[in-house]
Structure formats: structure tokens, C-alpha cells
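This report refers to the structure that appears directly beneath it.
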């Protein structure tokens, strides 16, 4: 029921946007900007790039709101724009991204801490030893995730971190449901192998 209300609310806001209501666009941006930023950050692993790509996403959303046909939810449509922009950016800047990851591996502790904070879901553990172990495992998971190719990393981020269902992922990436399942299966298998190598 709540999901249906969110969708109805989005439809009303989109309709108002089409009529030139800037307050409605601002409400949609405020509603989804953090989630879209977090997805982009987990794909590109750079806070400055993620902020810029988030901004670019909403510029594209505003430019194309008249073309939104409502075949998917606004949320799925906006995520599709964000993911496509991010993957295109990554393809254009792959050499820079590799150098950036190598630099992070040396010791970019501030950025690494921010990434860990974003990936950790529960900071409420009261046991310091358990918390330290969880943070160490999370650090390994972040490094392993960044070693996946963009297509595999994206499905893992959308499914396991964002919690999207297979149909939503298929909509965002504009791929078949079976492709989502097989890509996610391969990605998780590769992620396990990479993490096992880190833990040896």
C-alpha cells in the first residue's frame, strides 16, 4: 500500500513538473538525490565524481521529464538515467579510474573511511572487537567490489546494497530479467573469489 502511495505521489509530482512547477521538481530531487548519489558513489568510488554525476542526472531528468511515459516508476526511470551516465563516464575515464584505485590502495584513509561508512549498514555494535572485525571485512568487501567490472559491480550495488528487485534492476539497466540473474550470479561468484584471495 505504501509503495502504491509513493508511486501515486510521484505521478502527481511528475505531472506538475510537466506543467512547469519547479517546486514539484525540487520535491522529486530532494526525495531521490541521496539514494541516487549513493548508487553512483558505489559504482564510481569517487565523491566528487558522484556529486557531479548526481547533478548531471537531475539536469537530464529536468530536460527529459516531458518524455517520461510512465511505463516504469519515476524512481526506476531516474535511476536508469543515473546508472547510464555513470557507466558512460566510467568507460570514458577508465584509465583515470584505474590510477585512482591504485592510489586508494596505497592509503587514502579519509576516502576509504567514507566508503566504509556508506557500505556499513549498522554501526550500533557495542563490542569494539566485533566492530573492528566488521570494519576490516567491510574494507575488504569495498576493495573486492571495486575489482569487479562495471556491469557486475552495478548489479551487485543495485541488488545487494540498494535492495532493488530483479524487475527494477532490469528496468534500470534496460536488460532482460534472465540477464540480471546470470550477471548477478557471476558477480557474486567473482566477488567471493576476490574476497577469498584477500583473506588468504
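The values are calculated or read from the model by the stated rules, or taken from the named source; none is laboratory data. All figures in this text were calculated on a predicted structure; none of them were measured in a lab. Virtual Cβ from ideal backbone geometry, glycine too; neighbours counted across all protein chains shown.
If I ask for residues that are over 19 Å from residue 73 (Cβ atoms) and buried (at least 18 other Cβ atoms within 10 Å of the Cβ), which ones from region 156-193 would you list?
Correct list: 156, 183, 184, 187, 191.
Where in region 36-150 are there helices (runs of 4 or more DSSP H), lying wholly inside it, with at least 3 residues that are modelled with pLDDT under 90, closer than 24 Å to residue 198 by Cβ and more than 16 Å from the chain's Cα centre (by Cα)?
Working: elements: 47-64, 74-92, 94-107, 109-119, 128-147.
Where helices (runs of 4 or more DSSP H) fall fully within region 36-150 and carry at least 3 residues being modelled with pLDDT under 90, closer than 24 Å to residue 198 by Cβ and more than 16 Å from the chain's Cα centre (by Cα), they are 94-107, 109-119, 128-147.
Check off (1) under 15 Å from residue 174 (Cβ atoms); (2) surrounded by 15 or more Cβ atoms within 10 Å (Cβ to Cβ) for residue 88 and give me the number that stays unchecked.
(2)
Looking only at region 7-25, how many residues end up being surrounded by 13 or more Cβ atoms within 10 Å (Cβ to Cβ) and without any contact (Cβ under 8 Å) to a residue 40 or more places away in the chain?
Going through region 7-25 one residue at a time, the tally reaches 5.
Any idea how many residues of region 153-166 are in a helix (DSSP H, G or I) and under 18 Å from residue 82 (Cβ atoms)? Walk me through it before giving the result.
Here is the first cut: in region 153-166, the ones in a helix (DSSP H, G or I) are 153-161, 166.
From what is left, the residues that are under 18 Å from residue 82 (Cβ atoms) are 153-161.
Total satisfying the criteria: 9.
Specify the residue that is surrounded by the most Cβ atoms within 10 Å (Cβ to Cβ); the eligible residues are those in region 40-68 that are in contact with a helix residue (DSSP H, G or I) (Cβ under 6 Å, 6 or more places away or on another chain) and within 17 Å of residue 142 (Cα to Cα).
Across region 40-68, the extreme among qualifying residues is 40.
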